[in-house]
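Inspection log for the structure reproduced underneath, given as structure tokens.
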Amino acid sequence: METYRLKNIAIVILLLLNACLLFMVGQQYFQSLQTQRRSAAQLRELYRSSQLALDSRLDLSQQPLDILTLARQAETERAIAAALLGGEALATSQGGGIYSYEAHDCTIQFRAGGSFYGSRLDLPVEDAAAFARSFCNRFGYEEPRLSLEGGTGSAVAGQLARDVPVINCAVELYFEEGRLTSVTGAHVSLQDAAFASGASMSCVTALVKFLDFRNTSGVVCSEVTGVQCVYQLQSASSPRLLPVWKIETDTYAYYVDCGTGDVYTQ
């Protein structure tokens, strides 16, 4: 009987401890929510005093992205080369992290940082627009922007990483009379990507940085219409995806580097 009573007491104590922990977590969340709301209200007031509007639909509680360190994927490079050359490509190391992929007497080169290019290509395509859309869909690019007439022109598309735009990672395909003649761009793979530590910046802080930039540089705009954390490709022997805040205004789009706080346009 005594053992049974002690077990009941122990269970009650554990339940009370769990309830206390749950209360503390809830209190911390509530306090964090209140802090976010105060920061958002202060930001909107700061913008109003600077005669710059913030769209009321902006989500100012968005979280920044993590830094990602990327690993080079030879199979992905080979697949891209094969799609652009029209057949299985033979890979050859040129040294310095450069690989050449050759098929049908045409060559595409890839660098360690993710960039690639090929000139003097000669791949016949039945429908240039359909080819561009298929290539972009297969390798994780956005819907291409087409400038084609009679099988001649170009297709341009930016890459997505987990549905997030990578602002300086795109592909440009050039066609002449129904033939793919050249390509330039960059591609990243998230296979084997690893999270890395680094500086972080909240959405509110990024908007404050932009407001300071606007006030000191004389940028002409009257409203911030959108804000989103996106990636920027840092090309190197070990490339990384770095988070930046994209701030859209009624004139241009600006970017705030989460690590340095620098504001710039593309």
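Here the scattering of the stretch 34-126 is modelled by Debye summation over its C-alpha atoms, one equal scatterer each and no solvent; at q = 0.16, 0.19, 0.20 Å⁻¹ the log10 of I(q)/I(0) is -0.68, -0.87, -0.95. Note that the stretch 246-255 has calculated 3J(HN,Hα) couplings of 8, 10, 9, 10, 6, 10, 9, 9, 10, 10 Hz, one per residue in order, obtained from phi through the Karplus relation 6.51 cos²θ - 1.76 cosθ + 1.60 (θ = phi - 60°); glycine and proline are x.
For the chain, adding -39500 (n - 2.57) for each run of n ≥ 4 DSSP H residues and dividing by the number of residues yields -11000 deg cm²/dmol at 222 nm.
Distances between placed amide hydrogens fall under 5 Å for residue 224 paired with 53, 54, 55, all partners being 5 or more residues away or on another chain. A cut-off of 5 Å between modelled amide H atoms, ignoring neighbours fewer than 5 places along the same chain, links residue 179 with 125.
Amide hydrogen proximity for residue 66: with H placed 1.01 Å from N in the peptide plane, no residue at 5 or more positions away or on another chain lies under 5 Å. Which of rounded, prolate, oblate describes the stretch 201-241, given a ≥ b ≥ c as roots of the alpha-carbon gyration tensor eigenvalues and a/c under 1.5 marking rounded, otherwise prolate only if a/b is larger than b/c? Prolate. Derived scalar couplings between HN and Hα for the stretch 48-58 equal 4, 5, 9, 6, 10, 7, 10, 4, 5, 8, 5 Hz in order, rounded to whole Hz, by the Karplus curve 6.51 cos²θ - 1.76 cosθ + 1.60 (θ = phi - 60°), x for Gly and Pro. For a test of the definition: using alpha carbon positions, the gyration tensor, and the 1.5 limit on a/c, classify the stretch 122-205 as rounded, prolate or oblate. Taking the square roots of the gyration eigenvalues as a ≥ b ≥ c, the stretch 122-205 is prolate. In the context of the full set of protein chains, residues of the chain present 57 Å² of accessible surface per residue (probe radius 1.4 Å, heavy atoms only).
Could you tell me whether the chain comes out rounded, prolate or oblate from its Cα gyration tensor? Rule is a ≥ b ≥ c as square roots of the eigenvalues, rounded for a/c under 1.5, then prolate if a/b exceeds b/c, otherwise oblate. Oblate, since a/c reaches 1.5 and b/c is not below a/b. Where the accessible area of the chain is counted over protein heavy atoms with a 1.4 Å probe, how much of it, in %, is carbon and sulfur? Whole-percent figure for carbon plus sulfur exposure: 52. Size of the stretch 149-248 from its Cα atoms: along the principal axes, largest to smallest, the extents are 50, 39, 22 Å. Return one number: the angle in degrees, 0 to 90 and rounded to the nearest 10, between the long axis of the Cα atoms of helix 74-85 and the longest principal axis of the Cα atoms of the chain. Taking the Cα atoms of the chain, the angle to 74-85 is about 40 degrees. FRET efficiency for the residue 200 to residue 91 pair, using the beta carbon distance and R₀ = 35 Å, is estimated at 0.35.
Taking the longest Cα principal axis of the chain as reference, the axis of helix 203-217 is set at about 60 degrees. Hey, how many Å between the Cα centroid of the stretch 214-243 and the Cα centroid of the stretch 56-90? Going from one Cα centre to the other spans 19 Å. If R0 is taken as 35 Å, the Cβ-Cβ distance between residue 38 and residue 262 corresponds to a FRET efficiency of 0.80.
The values are calculated or read from the model by the stated rules, or taken from the named source; none is laboratory data. Note that the structure is predicted; figures quoted are calculated from it, not measured. So basically every Cβ, Gly included, is an ideal-geometry build from the backbone, and we count neighbours across all protein chains shown. The protein model used for the area step is the full one, side chains on, heavy atoms only, and it has no ligands, DNA or RNA in it. Shrake-Rupley method; radii C 1.70, N 1.55, O 1.52, S 1.80 Å.
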